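Just below is one structure, and these are the notes that go with it.
Please treat every number below as a calculation from the coordinates, not as lab data. Because the structure is a prediction, the values reported are computed rather than measured. Because the Cβ atoms are built from the backbone with ideal geometry, glycine has one as well, and the counts that use them run over all protein chains shown.
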Amino acid sequence: MNIQLVGLSGSLRKGSYNTALLQAAAAMLPPDVSLTIAAIDDLPLYNADLDKPAVADRPATVVRLREQLAAAHGILIASPEYNYGIPGGLKNAIDWASRGEDAPLRHKPVALMGATISLWGTVRMQLSFLPVFQYLSMKPHYQPEVLVNEAVKKFDKGGNLTDVATREIIAKKLQSFRQFILDGLA
Ligand SMILES: Cc1cc2nc3c(=O)[nH]c(=O)nc-3n(C[C@H](O)[C@H](O)[C@H](O)COP(=O)(O)O)c2cc1C
């Protein structure tokens, strides 16, 4: 079977190290895994009045995201931490996918990575996600952790991940997440 992952980047900027991290992961997937990076920059701000149970009543960009997430076997998130927490745009996307009978994140395997220009490697963002995963009954995959600090030293100017140790840990993460998903399906 082909294992489909949806990638979410917590950073919307063009030169984002976190989007580059997802792109690096996409280029080193196990042969039976595919990864599509979902857009979250065109979602409206979460508004429960627009979050209708009938799919057709939701904003079109929300419907698109929910369908992408529903079809995925797992979610791979790469995000910076903003002010010691989850960036608002990413949390907004999570909120849009969290409600209703057909909430696509419920029981979904999820793995985290993060890149930062500073020293702590997004650890506080990753910790901030734990209660979110818990409330949504998601299935977090923990090890190995991918905490990319001092990103300036690990990517080249074209946004390519050049650091060998970081590439190795991402490859291990992807292999392990693949197995975690397969174990959950068995
Ligand atoms: C609004 C904002 C808040 C930030 N807060 C933190 C923080 O709490 N901890 C940290 O290590 N870096 C913080 N940073 C720096 C980011 O880690 C850095 O800009 C990183 O490269 C952003 O990820 P990106 O390259 O994927 O856009 C912050 C940056 C922004 C723009």
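Rounded if a/c is under 1.5, else prolate if a/b beats b/c, else oblate: with a ≥ b ≥ c from the C-alpha gyration tensor eigenvalues square-rooted, which is segment 1-86?
oblate
I need the helices of the chain that pass two filters: whole DSSP H segments spanning 18 Å or more by Cα along the axis, and mean Kyte-Doolittle score no lower than 0.5.
Once both thresholds are applied, what remains is 123-135.
What is the order of THR122, THR61, THR162, fewest Cβ neighbours within 10 Å to most?
Fewest-to-most ranking of THR122, THR61, THR162: THR162, THR61, THR122.
Within segment 138-173, which residues have the backbone N less than 12 Å from the label spot 7 Å out from ASP32 along Cα→beta-carbon, could you tell me?
Inside the label zone: nothing.
Evaluate E = 1/(1 + (r/R0)^6) for LEU50 and TYR84, where r is the Cβ-Cβ distance and R0 equals 35 Å; express this FRET efficiency to the nearest 0.05.
The computed FRET efficiency comes out at 0.75.
Return HIS141, HIS107 ranked ascending by Cβ neighbour count within 10 Å, so the fewest neighbours appear first.
HIS107, HIS141
About the Cα centre of segment 3-185, what is the dipole size in debye to 20, counting +1 per Lys and Arg Cβ and -1 per Asp and Glu Cβ, all else neutral?
Value, rounded to 20: 260 debye.
Taking other Cβ within 10 Å of each residue's Cβ, how do LEU76, LEU185, LEU35 sort, fewest first?
Least crowded to most crowded, the residues run LEU185, LEU35, LEU76.
Roughly speaking, what is the stretch gain from ASN92 to THR162, that is 0.36 nm per residue apart minus the C-alpha to C-alpha distance, in nm to one decimal?
22.1 nm
Exceeding 32 Å between C-alpha atoms, which entries from my cross-link table qualify? They are LYS52/LYS154; LYS52/LYS157; LYS108/LYS172.
Beyond 32 Å between Cα atoms: LYS52/LYS154; LYS52/LYS157.
Can you tell me what share of the DSSP beta bridges in segment 3-185 is antiparallel? A percent to the nearest 5 is fine.
The answer is about 10 percent antiparallel.
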